[in-house]
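Participant: Structure below; questions to follow.
The values are calculated or read from the model by the stated rules, or taken from the named source; none is laboratory data. This one's a predicted model, so the numbers in the text were calculated from it and none came from an experiment. Quick reminder, even Gly has a Cβ in these numbers, built from the backbone with ideal geometry, and neighbours come from all protein chains shown.
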Amino acid sequence: MPKTRAVLVTGSAGVDRLETVRRFASEGLRVIGIDNDLRRQFLATKLQRPTRDALREEWPEYEHHDLDIRRSARDTEIFREHGQNLIAIVHTAAQAFA
């Protein structure tokens, strides 16, 4: 069976990235999300985990990976597994500092 076309979204569990994931998932695309949840450490906020959990519940096409894109061997595994099916990468990983 052919694999579903996919989009990779970095920083996917940020509240403002929620709509990016929803948009692609609503088009029937598999969404591979990567987020390291560092906002929790820097800003003492707990928004990302509930956002991630809501995405998983709302969209079965959403596949989440808790990792840091700056230093993870797991990135290579994700590209090895999904690379041929990726049609886009939306890079929204960033840290907001107060």
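Participant: Among the candidates 80, 52, single out the residue that is at pLDDT 80 or above and charged (D, E, K, R).
Facilitator: 80
Participant: Can I ask one more? Six or more apart or on different chains, Cβ under 8 Å: which pairs go from a residue in the range 51-79 that's in contact (Cβ under 8 Å) with a residue 40 or more places away in the chain and closer than 19 Å to residue 26 by Cβ to one that's aromatic (Phe, Trp, Tyr) and buried (at least 17 other Cβ atoms within 10 Å of the Cβ)? Could you list them?
Facilitator: 55/62
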